[in-house]
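Trainee: Input: one structure, supplied below.
The values are calculated or read from the model by the stated rules, or taken from the named source; none is laboratory data. Every value quoted in this text rests on a predicted model; they were computed, and no experiment measured them. With ideal geometry, Cβ positions are generated from the backbone for all residues, glycine too; neighbour counts draw on all protein chains shown. Protein only, heavy atoms only, side chains kept; ligands, DNA and RNA dropped before computing areas. Shrake-Rupley method; radii C 1.70, N 1.55, O 1.52, S 1.80 Å.
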Amino acid sequence: PYTTLFRSLYLTKKERKKLRRQRRLQRELEKQEAVRQGLAQPAAPKVKISNLARVLGTEATMDPTKIEKEVRKQMQARQEAHEQRNQDRKLSSDQRKEKLLQKLEKDATKETRVVVFFARNLDSRLHRSKVNLTASQLHLKGCMAVHPDCCVIVAEGGPKAVKKMRKLLCQRIKWTGGDLLDSDNEDDQDDEGVADAGPKEFKLIWEVRHPLCKNEMDNVF
């Protein structure tokens, strides 16, 4: 049976800014109307050092020291209220994990990618544990085939998760040498290829995309 797919409306950056301005203007007009009808109290003027004389007028010249002290106190109170609002909106550790899981699941519903990597050897316990840990964190499915002559890593998941896994394997992990990760290439988004390892040590040998395909591989990482 045929299924109907609905694409989400894509807005440019300019259009998103325009919608945000319109929403903020609408909220401000609603506040002004509520004050006009007596349903809400008017907001206190936001006095700062820069606009002190303009807002308070002649009152600012009567006792400048006292007025400045009061203004700085109000500024400090506004800053503390701002930080408290940010702290209240901050997600807990469990909420952050749940949010990340939802994003990965949503990403996997758009497209499923399967990648296969060749490695000369996976004798290093640190390399194997890093691959397993990253695959578990990104909720990837796949397997590792270890052989004395060559090894194969197979991973399946959403585009973003697979991209992070490919960056770890192809750029960050040093397959030769003593260090586990290459710190120089950790944040380099434009690097291509393998860090300090030639194509004989590690390389991507196969990648395929399945649009709107459900994951069917068993999670054996």
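Trainee: In the stretch 155-169, is there at least one residue being within 30 Å of A43 (Cβ to Cβ) and part of a helix (DSSP H, G or I)?
Mentor: Let us first name the residues in the stretch 155-169 that are within 30 Å of A43 (Cβ to Cβ), namely none.
Within the stretch 155-169 (the criterion being within 30 Å of A43 (Cβ to Cβ) and part of a helix (DSSP H, G or I)), the answer is no, since none of the residues qualifies.
Trainee: Can you name the condition, by its number, that A108 falls short on among (1) loosely packed, with under 11 Cβ neighbours inside 10 Å; (2) in contact (Cβ under 8 Å) with a residue 24 or more places away in the chain?
Mentor: (1)
Trainee: May I ask you to say which residue of Q84, Q102, Q41, Q26 is among the polar types (S, T, N, Q) and touching a helix residue (DSSP H, G or I) at 6+ places or on another chain (Cβ under 9 Å)? Before you say what the answer is, go through the steps one by one.
Mentor: Values: Q84 fails: touching a helix residue (DSSP H, G or I) at 6+ places or on another chain (Cβ under 9 Å); Q102 fails: touching a helix residue (DSSP H, G or I) at 6+ places or on another chain (Cβ under 9 Å); Q26 fails: touching a helix residue (DSSP H, G or I) at 6+ places or on another chain (Cβ under 9 Å).
Among Q84, Q102, Q41, Q26, only Q41 is among the polar types (S, T, N, Q) and touching a helix residue (DSSP H, G or I) at 6+ places or on another chain (Cβ under 9 Å).
Trainee: From L56, L101, L11, grab the single residue that is more than 30 Å from A161 (Cα to Cα) and surrounded by 11 or more Cβ atoms within 10 Å (Cβ to Cβ).
Mentor: Details: L101 fails: more than 30 Å from A161 (Cα to Cα); L11 fails: more than 30 Å from A161 (Cα to Cα).
From the options L56, L101, L11, the qualifying one is L56.
Trainee: For the stretch 59-88, what are the residues that are among the aliphatic types (A, V, I, L, M) and open to solvent by less than 80 Å² (accessible area, probe 1.4 Å)?
Mentor: The initial filter retains those residues of the stretch 59-88 that are among the aliphatic types (A, V, I, L, M), namely 60, 62, 67, 71, 75, 77, 81.
Correct list: A60, I67, V71, M75, A77, A81.
Trainee: Now for a separate question. Are there any pairs, at least 6 apart or on different chains, whose C-beta atoms fall under 9 Å, with the first in the stretch 76-101 and under 17 Å from K46 (Cβ atoms) and the second open to solvent by 100 Å² or more (accessible area, probe 1.4 Å), and if so, which?
Mentor: R78/K46
Trainee: Still on this structure, please answer the following. Taking K163, is it open to solvent by less than 50 Å² (accessible area, probe 1.4 Å), free of Cβ contacts under 8 Å to residues at least 24 places away in the same chain and within 16 Å of E207 (Cβ to Cβ)?
Mentor: Details: open to solvent by less than 50 Å² (accessible area, probe 1.4 Å): no; free of Cβ contacts under 8 Å to residues at least 24 places away in the same chain: yes; within 16 Å of E207 (Cβ to Cβ): yes.
Taking the combined requirement at face value, the residue does not satisfy it.
Trainee: Being free of Cβ contacts under 8 Å to residues at least 24 places away in the same chain, within 35 Å of the chain's Cα centre (by Cα) and open to solvent by 90 Å² or more (accessible area, probe 1.4 Å): is that true of R23 here? Quick ask: steps written out before the conclusion?
Mentor: Details: free of Cβ contacts under 8 Å to residues at least 24 places away in the same chain: yes; within 35 Å of the chain's Cα centre (by Cα): yes; open to solvent by 90 Å² or more (accessible area, probe 1.4 Å): yes.
Answer is yes for this residue.
Trainee: From the residues in the stretch 122-154 that are hydrophobic (A, V, I, L, M, F, W, C) and in a helix (DSSP H, G or I), which one is farthest from the chain's Cα centre (by Cα)? Walk me through it before giving the result.
Mentor: Initially, the stretch 122-154 is screened for residues hydrophobic (A, V, I, L, M, F, W, C), giving 122, 126, 131, 133, 135, 138, 140, 143-146, 150-154.
With the extra rule that they be in a helix (DSSP H, G or I), the set shrinks to 126, 131, 133, 135.
Details: L126: 27, V131: 21, L133: 19, A135: 18 Å.
That would be L126.
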